[in-house]
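Data block below; observations after.
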């Protein structure tokens with residue numbers, strides 16, 4: 001019977017980080033200079049690696065983001081990884097068991113990239129505990145600990161814009177805001193030349209992180225740093241990210257139709273949107289779900305995607321075009337609470353996009369020489385329609401809300417060529433609407449804002 005060995009590696013590092021900074025501490029167990037920082041203790045049952053980072057000073061940060069990258073052999077065999085957060089007295093105040101990063105495209109037997117852990121800003125000491133329960137097979141070669149402090153990224157939100165139509169692109173926080181420390185822009189990728197493809201599928205993810213944060217912009221920055229410096233990608237993997245408060249963040253650089261890194265090497269022809277948080281049992285907020293609807297409605301309309309259809313993708317065959325991460329990978333992402341809502345989402349998006357296409361059909365104005373809706377914005381519940389017809393025929397007016405639903409209709413049957421009609425729309429709430437004025441085969445569409 002082979003004798004098993006406990007390998008205890010104690011790495012004592014003293015750092016003081018006062019400003020925004022990301023630091024990776026790497027240790028190669030085959031190098032003599034790295035072995036000087038460790039000591040080995042023997043036992044019989046398993047191998048354990050303890051790594052300590054001491055004297056952290058992150059008091060101005062909203063939190064500390066930490067991830068671990070292990071390189072070796074057979075690392076998928078009963079590996080347990082924990083991170084302990086300690087206070088100034090080195091007393092453990094919290095600990096998390098870290099699983100394999102669900103977006104990683106690495107071979108988990110050789111490279112284990114942990115989930116991203118968010119620790120309280122008062123954390124002074126970090127202990128990483130790696131337990132290998134099959135030491136005769138598993139072998140650890142290198143250990144990397146990434147510590148990130150997003151202290152100078154301001155919290156931001158996106159305010160709803162009442163002038164938006166159902167299929168307009170919703171406002172998002174740009175990369176130049178949450179990524180100011182790297183000089184990011186929406187149209188430039190961080191480390192490489194972007195690649196593009198025609199988007200046919202819209203994929204929902206969750207970050208599998210906390211559902212609360214005092215600073216979601218800092219969370220996005222941490223995910224970017226994690227994807228680039230722990231996972232080795234050229235940029236953040238998701239095209240967009242959504243906070244529980246509904247704020248939409250512009251993700252991967254390169255602009256529209258850029259290929260991301262989120263779908264297990266099947267990224268061509270996809271757009272990935274991450275719902276920040278964990279939605280295995282917790283439902284997403286209504287506000288966040290409305291934002292997901294808006295970004296998907298815009299992209300489906302813009303790229304002529306039928307949200308209720310299925311289409312071929314990579315080696316998966318034909319799958320629904322609105323889908324979750326688990327449809328193409330072995331993962332629980334985007335969580336049951338998100339995934340189980342996708343059938344209803346497909347139907348809702350189908351109605352929204354169909355309505356957008358109905359009201360945005362190219363206007364034919366042969367019998368409508370002038371159409372004016374005033375005032376715009378509307379403030380008193382009444383809007384005046386002035387129209388001039390070439391020949392007399394009934395005039396039909398319809399209005400559609402931001403979700404594409406018809407909310408108003410009136411038909412004028414008088415024989416006048418000059419129309420001056422007050423329309424009572426006091427039942428309509430504040431927001432943006434599309435009014436469509438039709439006379440026979442002629443039609444004119446106008447956006448109207450009610451304040």
Inset, instruction - Please work out the Kirkwood hydrodynamic radius for region 259-371, using every pair of different C-alpha atoms, and report it in angstroms with one decimal place. - result: 15.7 Å
Inset, instruction - Measure of size requested: the Rg and Dmax of region 175-359, with Cα atoms as the atom set and Å as the unit; please supply both. - result: 15.5, 47
Inset, instruction - Any chance you could check the Cα centroid distance between region 198-213 and region 342-401 for me, in angstrom? - result: 34 Å
Inset, instruction - Quick one: check the C-alpha center-to-center distance for region 255-281 versus region 221-252, whole angstrom. - result: 10 Å
Inset, instruction - Report P(r) for region 225-282: all Cα-Cα distances, bin width 5 Å, range 0 to the bin holding the largest distance, values in whole percent. - result: 4, 19, 25, 25, 18, 7, 1
Inset, instruction - Report, in degrees rounded to the nearest 10, the 0 to 90 angle that the Cα long axis of helix 286-302 makes with the longest principal axis of the chain. - result: 70 degrees
Legend entry - Kirkwood-type radius of the chain, with distances r between different C-alpha atoms, in Å: 24.8 Å
Legend entry - Debye intensity ratio in log₁₀ form over the Cα atoms of region 368-450, taken at each q of 0.23 Å⁻¹: -1.11
Legend entry - Neighbour-count ranking [beta-carbon atoms within 10 angstrom, fewest first] of 176, 234: 176, 234
Legend entry - Helix 216-229 vs. the chain, principal-axis angle (Cα, 0 to 90°, nearest 10): 50 degrees
Legend entry - Equivalent ellipsoid dimensions for region 44-163 as semi-axes, Å, which come from the Cα gyration tensor, largest first: 31, 20, 10
Legend entry - Residue order, fewest to most beta carbons within 10 Å, for 182, 233: 182, 233
Inset, instruction - Would you work out the relative contact order for region 372-451, in percent, from Cα pairs under 8 angstrom that are 6 or more residues apart? - result: 36 percent
Legend entry - Mean residue ellipticity (222 nm) of the chain, computed from DSSP H runs ≥ 4 via -39,500 (n - 2.57), nearest 500: -4000 deg cm²/dmol
Legend entry - Helix axis angle, 342-359 relative to the chain longest principal axis, alpha carbon, degrees: 40 degrees
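Rule-based calculations on the coordinates, nothing more; no lab input. Small disclaimer: the values here were computed from a predicted structure and weren't measured. Here Cβ is always computed from backbone atoms with ideal geometry, including for glycine, and neighbour counts include all displayed protein chains.
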